[in-house]
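Working notes, beginning with the structure itself.
The values are calculated or read from the model by the stated rules, or taken from the named source; none is laboratory data. Quick caveat, the model's predicted, so the values are computed rather than measured. We place every Cβ from the backbone using ideal geometry, glycine too, and count neighbours over all the protein chains shown. SASA here: full protein model, heavy atoms, side chains in, ligands and nucleic acids out. Shrake-Rupley method; radii C 1.70, N 1.55, O 1.52, S 1.80 Å.
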Amino acid sequence: MTDRTPRRNPFLSALLVPPAVLLMLLEEVIWAGLKALMARLGRLPVVARLEARIQTLPPMGAAALFLAPGAVLLPFKLAALWAMAQGHFFWGLLVLLAAKLTATALFARIYTLCKPTLMTVAWFVRLHDWISAAKAWAHARLNSWGLWRLARRSIGRLRTWAARMVAALS
């Protein structure tokens, strides 16, 4: 009988865990922040009416809207790459980051509004399940690393401290 448990290389873990920690943390912080920002915007009367209409879209309309942020912002991303290629790296990077943040914010809000409807579209359900499984796998792998668990505890303490500081200033 062979042992099928993969051996961990401590050097490789030390090399890969920090970027993984940063990526997962950025994803969580940015996604949560943009989702909260878009929910706040959703309280504006004109936006609330638009969102109410979005929630009544049929499945294929919701699917088209779900894909729209990436398509609408593609020209901005291409312009940013062109600017970088022309030697305007800083401005290109700023435009690229702005386009990415805008697309992510719109995507997060549309996902929240349309998820019940989108879950009736077979290809979306398959994509959603595949992404959820891949994310669960990545989290399980990261959670098996001591360095990751240490980073998560440290981040939790930092968040608690920051929340207390903000509350104290309010």
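The figures follow:
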quantity: Whole-angstrom gap from the stretch 100-170 to the stretch 71-97, using each part's C-alpha centre; calculated: 26 Å
quantity: The stretch 31-89: trypsin sites (Lys or Arg not before Pro) in DSSP loop, at most 13 other beta carbons within 10 Å; calculated: ARG43
quantity: Accessible area (Å², per residue) of the chain, counting only protein heavy atoms and a probe of 1.4 Å; calculated: 72 Å²
quantity: Computed accessible area, TRP161, all protein chains, 1.4 angstrom probe, square angstrom; calculated: 140 Å²
quantity: Base-10 log of normalised Debye intensity for the stretch 69-145 (one unit scatterer per alpha-carbon) at q = 0.15, 0.24 Å⁻¹; calculated: -0.75, -0.98
quantity: Accessible surface of the chain, 1.4 Å probe, proportion on carbon and sulfur as whole %; calculated: 72 percent
quantity: Span-rule helices in the chain, defined as complete DSSP H runs reaching 20 Å or more along the axis (Cα) with Kyte mean at least -1.0; calculated: 10-41, 59-85, 89-118, 122-143, 146-169
